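The block underneath contains the structure these notes are about, expressed in structure tokens.
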């Protein structure tokens, strides 16, 4: 795939494939993820968009209306991968018979609840079979649509409605699942982890690679949620930057099995710089909980060093 030169102005002037007027929250990371991933579609190209149940679906689709300008399919939590892989297979069959002339790209979106957990089986099947499609996870770290319950993407010690921080609990005791590594183990052509920093170049370029690389591709996009993370909505970009600079959410891609680091912080910040911006971690800064911060920092450091080894960085 010959990648186009990154031109921020030209990209942002492309048609909006997610129309305004949807009901997503102000400051929602999911909306930013969807708009910018779809901006990576080249002008004139057609797409079929899939969408697992979740915040994004209930806020952009109310039958018979949808905020998407492309063909759109809503399906249940558990089968976004299966649905789009079926559509992609039908498309190839119809095109082979000459019943479809146009070229289409296939992109589906799911939150971490519908991707890390409920939809993992159908996602794994679609990736293993090698369908020419992109699965995009907008990772907000919990089941936000149903009142902020923990998911396997929820970071350790996060306060959620099912892991409430208090006198008898420090928040979620488990570490988060490394889904990008799980997808890489499927030996698919392209996997990437990204978020919203700077002028969105990292998100855009990885989305373009995912869409235009033949075969199965997976994008994991950190997409903060102001309600679940308990931050001021205008702070979303700063929080994403801190996630990267503290190495909580490193930026990398895996191309045909080769791990490539996208960004190396010049001065790796302590994890608490990322955590203290979010109300879901406020209990970690109470006197007596210093050991929790140390344990969380140690886990982030361990994963960072493991990633550096994989990337030969």
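The values are calculated or read from the model by the stated rules, or taken from the named source; none is laboratory data. Computed from a prediction, not measured in an experiment: that's the story for all the values here. In this analysis, Cβ positions are derived from the backbone assuming ideal geometry, glycine residues included, and neighbour counts consider all displayed protein chains.
Details
- Out of 237, 254, sole residue that is over 13 Å from the mean Cα position of the chain (by Cα), at pLDDT 95 or above and in a strand (DSSP E or B): 254
- Of the numbered criteria (1) part of a loop (DSSP other than H, G, I, E, B); (2) within 17 Å of the chain's Cα centre (by Cα); (3) on the phi < 0 side of the Ramachandran plot, the one residue 27 fails is (3).
- Total residues in segment 219-234, condition in contact with a strand residue (DSSP E or B) (Cβ under 6 Å, 6 or more places away or on another chain) and either more than 30 Å from residue 186 (Cβ to Cβ) or outside any loop (DSSP other than H, G, I, E, B) (or both): 4
- Residue match in segment 103-124 (condition: surrounded by 19 or more Cβ atoms within 10 Å (Cβ to Cβ), in contact with a strand residue (DSSP E or B) (Cβ under 7 Å, 6 or more places away or on another chain) and in a loop (DSSP other than H, G, I, E, B)): yes
- Close pairs (7 angstrom Cβ cut-off, 6 or more residues apart or separate chains): within 13 Å of residue 104 (Cβ to Cβ) in segment 36-48, in a helix (DSSP H, G or I) and at pLDDT 95 or above anywhere: 41/211; 48/87
- Checked across segment 72-87, the condition of being part of a loop (DSSP other than H, G, I, E, B) and either under 16 Å from residue 119 (Cα atoms) or free of Cβ contacts under 8 Å to residues at least 12 places away in the same chain (or both) holds for at least one residue.
- Of all residues in segment 210-235, those satisfying the criterion of being surrounded by fewer than 23 Cβ atoms within 10 Å (Cβ to Cβ) and touching a helix residue (DSSP H, G or I) at 6+ places or on another chain (Cβ under 9 Å) are 226, 227, 230, 231, 232, 233, 235.
- Filtered residues of segment 1-27 (kept if closer than 30 Å to residue 117 by Cβ and either loosely packed, with under 12 Cβ neighbours inside 10 Å or at pLDDT below 90 (or both)): 19, 22, 23, 24, 25, 26, 27
- Failed condition for residue 274, given (1) touching a residue at least 40 places away in the same chain (Cβ under 8 Å); (2) assigned to a helix (DSSP H, G or I); (3) under 30 Å from residue 209 (Cα atoms): (1)
- For segment 285-313, the candidate set comprises residues that are out of contact with any strand residue (DSSP E or B) (no Cβ under 8 Å at 6 or more places or on another chain) and in contact (Cβ under 8 Å) with a residue 60 or more places away in the chain; within that set, the residue that is surrounded by the most Cβ atoms within 10 Å (Cβ to Cβ) is 296.
- Set 184, 207, 180: member being touching a residue at least 40 places away in the same chain (Cβ under 8 Å), on the phi < 0 side of the Ramachandran plot and crowded, with 24+ Cβ neighbours inside 10 Å: 207
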